[in-house]
Structure formats: C-alpha cells, structure tokens
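Just below is one structure, and these are the notes that go with it.
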Amino acid sequence: MDRFEKSWLLANAASGSNSPATLEDLKACLDESGITVQKLISFPDDALPTPADLRADDIPLIVIYTGDGTLNAALRQLSGWTGAVLVLPGGTKNLLSKRLHGDYLHRDIIEVVAAGGAVRRRVQVIAGPSGLAYAGLLAGPGTQWGSVREAMREGDIAAIASGMAEAIAKSTSETLVRAVSPPLGSRQGYPLIDMTPGEHGIQINGYSATTPGELAQQGWALLRREFREGPHDRLGIVDEVTLENVDGSPVEVLLDGEACEAAPRPTFRVALSEVDLLATHHG
C-alpha cells in the first residue's frame, strides 16, 4: 500500500481541462489530502522532469494533468524511474486516465490515492517505430485531419482552410492503409485505421468514407476527437500487426494525437508501460 506525502505536479496550460483556476483547485486538493505539491511544472515553458530530477529531490510521486500528447512525452522522459505516476484527466479525451480511473474526477481519484487505495500497474500499450502509444494510435491518410484540429486550437484561419482541403484530398485518394500481417478487413484499405491498447491486446478498427456525407461526418468526428462515431469496420484484437499503404508509400501515423515520422510497413505490438502508473478503478 503506497502513501505519498509529497509530489511534483506537471500541467500544460494548452490542454483541454487546464485553466489557472482549475490548476489552483487541483493543487489545493493535493495539499489538503496530505500530498504536498513541492513543485509545479508548466509545460512547455518548463522542461519535462527526468528521473534524475525527481531522485535529486527525493520525490516519490509525479502527478500529470495534461492532454494525451504531453502525457506521452512525459512518460517517455520518465522511462525507467522507480517512482509512481498519477495520471489525471487534464485533456480532451483522457483515454489513459479512463483506463486507470474510470470516469471519476480528479478530487475523487486523489482521495483514493491519499488513503492508500491505489495500486501500481504497468499497463499494456502499443509499441511502434516511433515509441509507445498509451491512449491510442491512428494510421493512414485520414490522420491529416489532426493538423486541422491543431490549426483550430491555435485559431489559424489560413492553416484551417488549407489543412481541410488537404485532408479531404487525402481522405478520398487511392493512398489507403490496410492490415497485412495478419490480413484483416478490406484488402482495398481504409483512409484511417485506429488502434487502441487494452487488457486483451490491440483493438483495431478500419474507418471508411465512401460518400460526401460520410466524409463530412468522419472529418467532423476527427476534429472533435470523436472519430469512433464515424462509419467503420471492427477488425479484431491482436498482439501484433503490420500495416502498409496500398500504393507502397510510407504510412502516416498519429501516436497519442501527435504526428510521427511516416514509415513503410510499420509493425505495432503489445508492450508494457516503462513506468509504474497508479490505478484506482478496474478498467
């Protein structure tokens, strides 16, 4: 049973749930629960903490309150650390937090942790050429909608317009992605393949848009990070899968919402997280 008296808090002001008032409430909640916040790290203004940083101050717990992309970068930086990480719902979708804590809010989660009711877990993730995906991975030309979403977040009107034109063109092109090993779903491929890690392996779905109406539905769903609402084929659960673009071009990938370097025929497999995560709910 782990009990923690001090911690560092990592937040990202650009993430979905983060505001000065919310951060103050979160810090007060931790302090009142007996988990004193000795340092607030505001990314990207402050550097992400390293295991050496945490060891130097004898910090046993880091609390991360960010979106999926910053969370992924922070966990990658912490790889090999022997302390514990508390992931709180600080982004838009909070997929990893939901795996660890269900739909509970940060106050409820902290209350359980402070009482010693959390357990350490190395959770299943997806390992690929560009690193580990904790929340999920998208592959194919449809990932271009991710750049539109970022332009919307930054309020860049010109980038939104050009990005939407490119996203529509790519989503309707002949450059489609498919699962080849094992061979799953349509041999003609999909504009987008979604992979989500879980207890039983990697859940794979293929998303298609064959009419203008479906294309609009899929694009809007992606912009809201609700792509699972779009028309799709459920391809199954695997421990390992290799993807390829039908035309042989490199496969574009969004790993936890962030663009990665495209690669030909990338292979993705089940792996374990490289740091202990606190869980308070049976996901």
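Brief remarks on what is shown
- Members of the range 244-268 that are buried (at least 16 other Cβ atoms within 10 Å of the Cβ), closer than 13 Å to residue 140 by Cβ and not hydrophobic (A, V, I, L, M, F, W, C): 244, 245, 252, 266
- The set of residues from the range 95-118 being closer than 17 Å to residue 61 by Cα and touching a Gly at 6+ places or on another chain (Cβ under 7 Å) comprises 100, 114.
- Conditions (1) touching a residue at least 12 places away in the same chain (Cβ under 8 Å); (2) more than 28 Å from residue 232 (Cβ to Cβ): number failed by residue 126: (2)
- Qualifying residue in the range 39-52 (condition: free of Cβ contacts under 8 Å to residues at least 40 places away in the same chain, touching a Phe, Trp or Tyr at 6+ places or on another chain (Cβ under 8 Å), surrounded by fewer than 18 Cβ atoms within 10 Å (Cβ to Cβ) and closer than 21 Å to residue 119 by Cα): yes
- Taken over the range 32-52, the residue count meeting the criterion of being in contact with a Lys or Arg (Cβ under 9 Å, 6 or more places away or on another chain), more than 23 Å from residue 94 (Cβ to Cβ) and outside any strand (DSSP E or B) is 1.
- Of note, residue 114 satisfies the criterion of being modelled with pLDDT of 95 or more and either crowded, with 21+ Cβ neighbours inside 10 Å or not aromatic (Phe, Trp, Tyr) (or both).
- For the condition surrounded by fewer than 20 Cβ atoms within 10 Å (Cβ to Cβ), of a type in the set (Ser, Thr, Tyr) and either touching a strand residue (DSSP E or B) at 6+ places or on another chain (Cβ under 8 Å) or modelled with pLDDT under 90 (or both), residue 33 does not qualify.
The values are calculated or read from the model by the stated rules, or taken from the named source; none is laboratory data. Computed from a predicted model, the values in this text were never measured in an experiment. Counting neighbours? That spans all protein chains shown, and the Cβs are built from the backbone with ideal geometry, glycine included.
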